[in-house]
Ligand code: FAD
Ligand code: DLZ
Ligand code: SF4
């Protein structure tokens, strides 16, 4: 009698929930074992928002059920399994022993920290571990590396054009961009008209699997920032595809126009809220971009909306991933502007009279989601202007958003909001005064501060912090060509006003507390 061949153990991580994942590409359901594990290390390496943990655990459990239906044997270790050792490496070693596996196959993880640990798994498990490329992105890491080679500074716009040419997305047959321009931002970013209604929200009722996960998370993570109430995210690929269809029908047509708008009481406006599904593997970025291009070609959405949206995914999402893997692990420690202030407690929910911050942090607490302009121009801008320590800011963004994995969060924090990388990702800091927030939102109308005042008891803190930041960072920033105009305005400001701004900023910064 021939001996039974030993199984291959196929280890799937919580953000690899794609049927097309490289780990499974040559899997034999009759012989191989799929391993999935809820582990304490991953659930607590930052204090994740409870909705983020619930989303990942529920999506993992649904994915395991789908694989079983397709004939796979799935060994699923739950967080409350008494034998669970709490870490990827030790769970893998245990499973290799349990199943007498001949080898392990896994896909390249999304975080450097996990890749680093993965390199020791072979020794721990005592069998070969094959790490496969994650091919769920448009641009491979080697392709990005070749593109970046020899460039001192990278620019997203040039990368994006290459990606358009390479994929053919929104391209004419003669090789020119659809409509004749690469970018339609001049038509985008309008303030929201008072009477414009938001699109209807997409939601999914929690099923029995999600309800069990919600109970587990409530019990195990009672003190984490954020609420589990009203959990309505999709947790299967099928529902994520419904979320995509809903977005294309209801929100895409106005996505470009109101991409930068914010309105009190309206959390999502015309944003897609597809990032959790894209990043966990429930949605394929190619399918998302194709659906949006089709909507434009069918006359269901204007070009400025389709281009603006596709640029976020084909451009920004791929670009930040490329930078992350090119620059890690050093990228996490960059701090070019020398920022060392502890993160104020208001980020974790301590009361603040600054209405814009209160609204964005409170929305984050409720939903584990805030849209790009809230992350960039409200919380991000504030962190930049007060000189918050990059590592604490990065931990906050990684913890509180449902879509946060380090490969996408870190370049947005170090590069986009904090300029900690000295201009490698973006050409200048996104610093702004309260005027920007006032133009793009109604937050200022409901605030105790006056956005029109720069100094004085009711002056909007964004105003004096902005000018104070420019003065303080002048040695590093005033040579930046894109900041010439603003430094010219600063030079024209009279000295008494400058001194008053600096005094008020110092008093405000001195009063910030990291308690919450
Ligand atoms: P939409 O506005 O509908 O955009 C569509 C898609 O484009 C998003 O789903 C996302 O996949 C992609 N996208 C848009 N902007 C970016 C960007 N700057 N970088 C990468 N992808 C982008 N996005 C994450 O997915 N995870 C994060 O951890 C994350 N952290 C961020 C931290 C900061 C400081 C900032 C400024 C931005 C961060 N972003 C992050 C980018 C962006 O804010 C979110 O992708 C977006 O808000 C998700 O909501 P949405 O799906 O409704 O986006
Ligand atoms: C974010 C997360 C959490 C909270 N929990 C788990 C888990 O228990 N098991 C798992 O496989 N993945 C989890 N994840 C996602 C991982 O952190 C993610 O796969 C790694 O950071 C690599 O990107
Ligand atoms: Fe924010 Fe200033 Fe406007 Fe208040 S006045 S909401 S602090 S920008």
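What follows draws every value from the coordinates through simple rules; no lab data is involved. The structure presented is a predicted model; accordingly, all values stated were derived computationally and were not measured. Here the Cβ is made from the backbone with ideal geometry for all residues, glycine too, and neighbour counts use every protein chain on show.
How much FRET efficiency would the formula 1/(1 + (r/R0)^6) give for residue 65 and residue 372, where r is the Cβ-Cβ distance and R0 is 25 Å, rounded to 0.05?
Values: r = 33 Å, r/R0 = 1.32.
The value I calculate is 0.15.
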Once both labels are modelled 7 Å past Cα along the beta-carbon direction, what's the residue 140-residue 453 spacing in nm?
6.1
Under a crude label model (7 Å from the Cα following the beta-carbon direction), how far is residue 287 from residue 194 in nanometres?
4.3
How much FRET efficiency would the formula 1/(1 + (r/R0)^6) give for residue 508 and residue 181, where r is the Cβ-Cβ distance and R0 is 45 Å, rounded to 0.05?
0.60
May I ask for the percentage of alpha-carbon pairs in segment 1-152 that lie more than 23 Å from each other?
39
What do you get for the angle between helix 237-250 and the principal long axis of the chain? Use alpha-carbon atoms, 0 to 90 degrees, nearest ten.
30
Across segment 182-289, what fraction of all alpha-carbon pairs, as a whole percent, falls in each successive 10 Å bin from zero upward?
13, 35, 34, 15, 3
What are the radius of gyration and Dmax of segment 115-259, computed over its Cα atoms and given in Å?
22.3, 64
Principal axes of segment 228-296: Cα extent on each, largest first, Å:
36, 31, 17
Neighbour-count ranking for 246, 49, 62, 372 (other C-beta within 10 angstrom, fewest to most) reads 372, 246, 62, 49
Segment 109-139 and segment 165-190 have their Cα centres apart by a whole-number Å value of 36
For a Förster distance of 45 Å, can you work out the FRET efficiency between the beta-carbons of residue 123 and residue 148, rounded to the nearest 0.05?
0.90
Rounded to 10°, Cα long-axis angle of helix 285-297 versus longest principal axis of the chain
60
Under the √(5λ) rule applied to the eigenvalues of the Cα gyration tensor, what semi-axes describe the equivalent ellipsoid of segment 48-95? Give them in Å, descending.
19, 18, 8
Which three extents, in angstrom, do the Cα atoms of the chain have along their principal axes, listed largest first?
94, 57, 48
May I have the convex hull volume per residue, in Å³, for the Cα set of segment 282-411?
133
Based on the alpha carbon coordinates of segment 58-144, what radius of gyration and maximum Cα-Cα distance (Dmax) apply, in Å?
14.5, 44
The distance between the Cα centres of segment 406-440 and segment 359-388, in whole Å, is 12
Post the alpha-carbon centroid distance, segment 481-516 to segment 36-53, in whole angstrom.
40
If one takes the longest principal axis of the Cα atoms in the chain, at what angle in degrees, from 0 to 90 and to the nearest 10, does the Cα axis of helix 318-327 lie?
80
